[in-house]
Amino acid sequence: MSAPLLEVTDLKVEFKRPGGVVHAVNGVNFTLEAGQSLGIVGESGSGKSVTMLSLLGLIGRTGRVVGGSAVFNGVDLVKMAPRELQDVRGRDIAVIFQDPMTSLNPIMKIGAQITESMRMRKIYSQAEAKERAIELLDRVGIPQPAKRLNDYPYQFSGGMRQRVMIALALALKPKLLIADEPTTALDVTVQAQVLDLLESLQDETGMAMIIITHDLGVATNYCDKLAVMYAGEIVEMATVDRLVEHTAHPYALGLLNSTMEIGHGKTAIQPIPGNPPSALKVHTACPFAPRCSFKTSVCQERKPELATIEPNHLVACFHADEVVKAAQQGDAAAAEVMLNVAQPIHA
Ligand SMILES: Nc1ncnc2c1ncn2[C@@H]1O[C@H](COP(=O)(O)OP(=O)(O)OP(=O)(O)O)[C@@H](O)[C@H]1O
């Protein structure tokens, strides 16, 4: 079997803050194959963005990767010098953010922004770069692309700006596209259009994709594989179908049940009680235990490791079997409720 495109092993990231050390990422492991799409989901502060940004050297001066590796295409990104990493960024790995203005220069015409990245790397002549910029804008659904090359970012609507950012990200044909909450700021219809676009671009180019999102619905619709993060760790990881049908971590189950369309055994949204722990805390027990209805004494004594329960299905929970059963019973109960609701009422 060939090596994965990206293999992240025991990645740990910290930030120094006046109040102490923020343990943002606490030993994350995952692999991504070429052409695969991985959804990273979890509540705010669970470490989704920092995991990805740390791979690209984008965590600022107070952040530090304190352990682990991230081998991309055979090279460890964590060990790379900032200059080399800058080269990988954009060429092999592209990132798009929630707010296109973090990537787009507000005072530069978008044509110049797209062609600049291509010309800086001397892949294309000026004429070829312009041709490709038009082609890219056309592909991402910008009407009259040749004309719009001369416009500034503010002259586009939010959804259109996001499309421009996607064109910019794709300019150098990356092997991996990281999309950090790519559609959170957009209204629902535009969200679906942008996500559909990303999906078809992925099919066409064969690039791998990581979608960071707090929206499990987005991740299940657009990804092959899901990683659920809690308190800086992956607590469950599997293919989308497997994770939805055999949910084995209580937090993942809670996330599913708080999502109207896909939750197990419910007829209304069930929010997860409580709040995530402070990132200043070092966990020696299960970090989810205070919010967990499956917890027993072992959960408060030791921290469960992320372990394989089936090929390609990993879970960090002492009670994974019970969770799977409870989720499936929930499905059965919900199906019964739905059946009863559907019965004709006889006079
Ligand atoms: N520059 C920083 N300085 C200090 N702490 C930080 C910094 N950036 C992130 N953190 C902390 O690291 C932890 C993980 O943050 P991260 O942004 O990865 O979470 P997230 O899951 O992506 O959440 P969100 O969806 O809100 O972006 C949080 O506790 C956050 O406060």
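The values are calculated or read from the model by the stated rules, or taken from the named source; none is laboratory data. Every value quoted in this text rests on a predicted model; they were computed, and no experiment measured them. Neighbour counts are summed over all protein chains in view; Cβ atoms, including those assigned to glycine, are modelled from backbone coordinates with ideal geometry.
If you take the residues in region 1-15 that are touching a strand residue (DSSP E or B) at 6+ places or on another chain (Cβ under 6 Å) and more than 13 Å from the ligand (Cβ to nearest atom), which one is nearest to residue 276 (Cα to Cα)?
By that ranking, first place goes to 10.
Just checking, how many residues over region 119-133 are without any contact (Cβ under 8 Å) to a residue 12 or more places away in the chain and either under 20 Å from residue 183 (Cα atoms) or not acidic (Asp, Glu) (or both)?
Within region 119-133, residues that are without any contact (Cβ under 8 Å) to a residue 12 or more places away in the chain and either under 20 Å from residue 183 (Cα atoms) or not acidic (Asp, Glu) (or both) number 7.
List every residue pair whose Cβ atoms lie under 6 Å apart, where the two residues are 6 or more positions apart in sequence or sit on different chains, the first residue falls within region 278-294 and is free of Cβ contacts under 8 Å to residues at least 12 places away in the same chain, and the second residue, located anywhere, is assigned to a loop (DSSP other than H, G, I, E, B) and away from the ligand (no atom under 15 Å from the Cβ).
289/295
Hey, among 140, 188, 194, 235, which residue is farther than 19 Å from residue 107 by Cα and surrounded by fewer than 20 Cβ atoms within 10 Å (Cβ to Cβ)?
Details: 140 fails: surrounded by fewer than 20 Cβ atoms within 10 Å (Cβ to Cβ); 194 fails: surrounded by fewer than 20 Cβ atoms within 10 Å (Cβ to Cβ); 235 fails: surrounded by fewer than 20 Cβ atoms within 10 Å (Cβ to Cβ).
Result of the check over 140, 188, 194, 235: 188.
Can you tell me which condition residue 311 does not meet? The list is (1) modelled with pLDDT of 95 or more; (2) surrounded by fewer than 12 Cβ atoms within 10 Å (Cβ to Cβ), and all the others hold.
(1)
If you take the residues in region 110-135 that are among the basic types (Lys, Arg) and outside any helix (DSSP H, G or I), which one is modelled with the highest pLDDT?
121
For region 206-231, enumerate the residues that are more than 21 Å from residue 248 (Cβ to Cβ) and either part of a strand (DSSP E or B) or basic (Lys, Arg) (or both).
208, 209, 210, 211, 212, listed by residue number.
Tell me yes or no: at least one residue of region 206-215 is surrounded by fewer than 24 Cβ atoms within 10 Å (Cβ to Cβ) and free of Cβ contacts under 8 Å to residues at least 60 places away in the same chain.
No; the residues of region 206-215 include none that is surrounded by fewer than 24 Cβ atoms within 10 Å (Cβ to Cβ) and free of Cβ contacts under 8 Å to residues at least 60 places away in the same chain.
Find the strands (runs of 3 or more DSSP E) located wholly in region 16-96 whose residues include 3 or more that are more than 15 Å from the ligand (Cβ to nearest atom) and surrounded by fewer than 21 Cβ atoms within 10 Å (Cβ to Cβ), and list them. It would help to see each step written out before you state the result.
Values: elements: 20-32, 37-41, 63-72, 93-96.
Because the criterion is at least 3 residues that are more than 15 Å from the ligand (Cβ to nearest atom) and surrounded by fewer than 21 Cβ atoms within 10 Å (Cβ to Cβ), the strands (runs of 3 or more DSSP E) in region 16-96 that meet it are 63-72.
If a residue has to be free of Cβ contacts under 8 Å to residues at least 12 places away in the same chain and among the β-branched types (Val, Ile, Thr) to count, how many in region 102-118 make the cut?
Looking only at that region, the number is 1.
Would you mind telling me which numbered condition in (1) surrounded by fewer than 23 Cβ atoms within 10 Å (Cβ to Cβ); (2) outside any helix (DSSP H, G or I); (3) more than 16 Å from the ligand (Cβ to nearest atom) residue 281 fails?
Among (1) surrounded by fewer than 23 Cβ atoms within 10 Å (Cβ to Cβ); (2) outside any helix (DSSP H, G or I); (3) more than 16 Å from the ligand (Cβ to nearest atom), residue 281 violates only (3).
Residue by residue, here is whether (1) part of a helix (DSSP H, G or I); (2) over 21 Å from the mean Cα position of the chain (by Cα); (3) not hydrophobic (A, V, I, L, M, F, W, C) holds:
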| site | (1), (2), (3) |
| --- | --- |
| 138 | yes, yes, yes |
| 143 | no, yes, yes |
| 190 | yes, no, no |
| 201 | yes, no, no |
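Which numbered condition in (1) closer than 30 Å to residue 128 by Cα; (2) touching a Phe, Trp or Tyr at 6+ places or on another chain (Cβ under 9 Å); (3) within 16 Å of the ligand (Cβ to nearest atom); (4) not small (Gly, Ala, Ser) is the only one that residue 237 fails?
(1)
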